[in-house]
Structure formats: structure tokens, C-alpha cells
1. If you fit an axis through the alpha-carbon atoms of helix 89-101 and take the longest principal axis of the Cα set of the chain, what angle between them do you get, 0 to 90°, nearest 10?
2. Looking at the chain, how many pairs of lysines come closer than 13 Å at the Cα, when each pair is eight or more places apart or spans two chains?
3. If I stretch the segment between Ile224 and Leu153 completely, what's the gain in nm (0.36 nm per residue apart, minus their alpha carbon distance), one decimal?
4. With the chain treated as a Gaussian network of Cα nodes joined by springs under 10 Å, which of Ile302, Ile46, Ile136 yields the largest mean-square fluctuation?
5. On C-alpha positions alone, give me the angle between the axis of helix 315-324 and the longest principal axis of the chain, in degrees, nearest 10.
6. Report, in deg cm²/dmol and to the nearest 500, the calculated mean residue ellipticity at 222 nm for the chain, where each DSSP H run with n ≥ 4 adds -39500 (n - 2.57) and the sum is divided by the residue count.
7. Sequence gap at least 6, Cα distance under 8 Å: using those rules, report the relative contact order of segment 256-362 to the nearest whole percent.
8. Angle between the Cα long axis of helix 179-202 and the longest principal axis of the chain, 0 to 90 degrees, nearest 10?
Amino acid sequence: MNTPANDTKAGSGPLSGLRVLDLTIAMAGPMCTQRLGEMGAEVIKIEAPGGGDFSRHAPMAGVTRFGDSICYLTLNRNKKSLVMNLKSEEGQKVLSRLVETADVLVQNFRPRAARKLGLDYGSLSRINPRLIYGSISGYGNDGPMKDRPGQDLLLQSFSGLTMNGGQRGGLPQASPLYMVDVTASHLLGEGVLAALVERSLTGRGQEVAVSMLGAIMEMQCQEITSFVAAEQPPERGETPQVSIYQEPPYGIYECAEGFLAIAQTDLDVLAAELDRPILADLNSKRPNGEAGPQVAAWRDEIHHHVATRLRDKPAPDWDAQLATAGVWCMVVQDYESFLKHPQVIDHLVQLDHPVGGAYTAVAPAITFSGTSRPDLANAPAYGADTDRVLTSLGYSDVEVEALRTAGVVVSTS
């Protein structure tokens, strides 16, 4: 689907007719509001003078051809950009008028900053009692960590997740993806939608709060519960492990060509397919109870036998054989091979950027039978919609010019 540059028309979809104020930066908040926009809501991204969302200026892989960074481009589709100084008295007045018209507001300030700017739920709900107020924090609004930066790698490290894989004595294993941000964005989106349903019944708004700490703990709900319940939790062994909380042969193995991932599987079946009877013997001799060192050694031995055998053939050959036998496995791909796979075509979309030209992006992951896929608009240029948003609030051209001259707003349209 080819789409034009960003426009300001209302979207179609189940949230059409709703107005969302987006006071977010980075990833978790913008991803949440982008999803609401792709469902049809009008999303107004309020950015600060002097550059706005810092993700506009955070290039990934050195890609700079769009003016704004890829990080910004892929998290802010279907939005309008209003650049306004929220620290000024006039800016606060404009915000109050916006809040009066809004259905949802989403912010990811640190708790102290939100209160200082008068952007806390208590202040804004007095302006609009029907407002659904969504917030994402790093560690929650209370506690000794509340003012620490909520960044993905830091949360992975703080929460224990990075010690669940790898080898004994080796470096902790972090995910290269911003998975905490993504999960937090989904959680807040679910909460906002639930609050909108309740408002349709009661007429009242409410605050929906999500923390990145809560998100990463939910992701680890099985592991954390197992750790607390176990008399002796699992330990990292001598061989590389994807997760010490999974039974062997769970992991990724080198083959004669390429790599093969094996998930949960019956070791007896794998023993037959690999012609390694010792795996079946080891399967029957799992150490009793929860003896950490003994289990780690048992896991290491299984890993050794599987890894040695898989080096005999290329990964595609093993995949064809093992998948036919019911083993959960998959050839490891890089982005080049993955994006060429026919299964992936419907999950990609082609857009046309006014500066950078045509580019490929990931399509919205949610579809609705009642509406076709949304028309996707590019992420807005900095301040591109300031004048139109103010005019929609009833400001005259003269008043808009006065706000611009006073430095309250910035317009680039």
C-alpha cells in the first residue's frame, strides 16, 4: 500500500472520533499512541520547542535520509505534531483547552516531572472528568527507584532476566530488542481500551498506570514464580543456554551449515531421529528434585550430544527431517532471508516519505473484520500541525500568530 505524506484527516477504524493527546517520547509511549492512531483515533503529539521528541535525533544503523530518525519514523505514524511550551502560562492554557476536547491523554514523564508541570491525573481530571489518563513510568510512582531512568536494558538487568541464559561465569545475556518498551506499550493500550469501555457505561474517566518494571515482571511470571517456589532454583551450566528455566535440548545449535533452534521436544523422539540412544537414556536419568548443580551437569551433557550430532548436516536438512517427526524446530534466519519469506509479505507495508522517498515498514499487527487496514500516514514533521490544531480549538489566525511570536508554539507548516 502506497500512502501520501502525513495529513490531518480523521482516521477510520474502531476508535474513529476519539481524540488522543500524546505527551510521550522514546518508544513505549509513542508505540502505544501510534497503535491508537492506526485504530482510527486522532492523535495529537505535543512536542517541546527546541527539537521535540529526542527519538527524532537518534539514528539507528546510521540511517539519516528521512531527516528524522528511523526510530521516530516507525513509532509516530498517523499523528499530528503540535509544538508547544508547556512550561509557559499560555501553553498551559492551550493544554487546558485541548484536555477539554480529549478522550485520552498518554504521558511517560517521570512522576516528579508530571506533577511539576501540572500534568498529573488529579490536575487534568478536574478539567475533564471523562479523560482517560494513561501513564508509563520506569519503576512506578513510589519506592527508591521511582526517579531512576526507565530504559530497556537497565530494566532487563535490574529484573534478573539477563541471568536466565548464557554460561556459568559468562556475561549476562540481554535481549537486543527493546522488549520491555514493547510490552509496556501493549499493556497501556489494553488498559486504555478497557477504561474507554468502562467510561461508556459510567461516563467517568480514570487513570491507567503501567510501569516498565511491572511489564518485565509479567513477562517473567513463570520464571519468577518457579524461582520463589523452588527449594533450589536452576543454575547456569558450562554450555550456552537460551534459558535455564527450560528443559533440554531447548536452545540454538550450530549445524554443518547454518543454525537450528530446538524448542520443547520429547528427548526420546529426538534420540531416535538423531540416532543417539544416549539421549533417551539421559532422559530417564534426570536428577531427582531440584538439585541445581546436578541438573546443570545433566543439561550440559544433553547439549553436548545434540550439538555434536547436529554438526553433521546443514540446518535445512535437519529442519526438514525433525519437523516431519514432530520436533519443534526452526532454521535460524537473518533479516535478509526472513524478509524474503512468503509468510512475511502481508506483514510489510510500503510507504512514501516526502524527504526520504519510498521505504518498507512493518504493517499494523491488529486487523478488524469491520474495517479495512488503515491508511498509514507518515510520522509528522516537527510542528507541522501546530496551526491546524490551534485553529480547531477556536484560536483565530491573529491569536495563533501571537502565540507563535511569544514563543509559546512553533509552527513549520
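1. Around 70 degrees separate the two axes.
2. Values: Lys9/Lys79; Lys9/Lys80; Lys45/Lys79; Lys45/Lys80; Lys87/Lys116.
Qualifying lysine pairs in the chain: 5.
3. So the extension gain works out to 23.7 nm.
4. Ile302
5. Its long axis makes an angle of about 80 degrees.
6. Working: 16 runs with 153 residues, N = 413.
-10500 deg cm²/dmol, from helical runs alone.
7. 33
8. 50
No value in this document is a laboratory result; all are computed from the given coordinates. Remember, it's a predicted structure, so these values are computed and weren't measured experimentally.
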